[in-house]
1. Is it true that ALA33 is out of contact with any strand residue (DSSP E or B) (no Cβ under 8 Å at 6 or more places or on another chain), hydrophobic (A, V, I, L, M, F, W, C), loosely packed, with under 11 Cβ neighbours inside 10 Å and at pLDDT 90 or above?
2. Tell me the residue from LEU62, LEU107 that is more than 17 Å from the chain's Cα centre (by Cα) and among the hydrophobic types (A, V, I, L, M, F, W, C), please.
3. Pairs, please: C-beta under 7 Å, at least 6 apart or cross-chain, first residue without any contact (Cβ under 8 Å) to a residue 24 or more places away in the chain and in region 69-85, second among the basic types (Lys, Arg) and assigned to a helix (DSSP H, G or I)?
4. For region 20-35, enumerate the residues that are in contact with a helix residue (DSSP H, G or I) (Cβ under 6 Å, 6 or more places away or on another chain) and either more than 19 Å from GLY69 (Cα to Cα) or in a helix (DSSP H, G or I) (or both).
5. Restricting to region 93-102, name every residue that is surrounded by fewer than 16 Cβ atoms within 10 Å (Cβ to Cβ) and in contact (Cβ under 8 Å) with a residue 12 or more places away in the chain.
Amino acid sequence: MAYGRDENDVPDMTPASWLKFGQRNILYIGFVALLFPFALALDGPRPPGTQSLGGIAFAILLCAAVSAGFFLMNASLALASLARGRSAAKALIGCALPTAVGVLLALFKTF
């Protein structure tokens, strides 16, 4: 049994920017980006002249709930990283993302 690196091993192809930004942060952005097509699909086709914003309202509420949990998780990870003397960059980015999404949703609501 060989435990060392083999010549046939494939090197890690993960981009450095992915590692710096954090996988959970990129997945959060993907989740938020997919919420609005999901909201439009929930509304579905209806007769002309009718209007329903139920799907969009559901997507905004779901986004707010997930963003609150994501913010709290990253805030606790940032505090734990700072207490241990480690880098908290990914967790701080994760705290800023839900805040930015909330600000954008608030601006979207005013229009």
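1. Yes: the conditions hold for ALA33.
2. Details: LEU62 fails: more than 17 Å from the chain's Cα centre (by Cα).
Testing whether each residue is more than 17 Å from the chain's Cα centre (by Cα) and among the hydrophobic types (A, V, I, L, M, F, W, C) leaves just LEU107.
3. Correct list of pairs: empty, since none qualify.
4. To start, the set of residues in region 20-35 that are in contact with a helix residue (DSSP H, G or I) (Cβ under 6 Å, 6 or more places away or on another chain) comprises 22, 25, 28, 32, 35.
Across region 20-35, the qualifying residues are ASN25, TYR28, VAL32, LEU35.
5. Restricting attention to region 93-102, the residues satisfying the condition of being surrounded by fewer than 16 Cβ atoms within 10 Å (Cβ to Cβ) are 96, 99-100, 102.
THR99, GLY102, listed by residue number.
The values are calculated or read from the model by the stated rules, or taken from the named source; none is laboratory data. Values in this document were obtained by computation on a predicted structure and should not be read as measured data. Neighbour counts run over all protein chains shown; Cβ positions are idealised from the backbone, glycine included.
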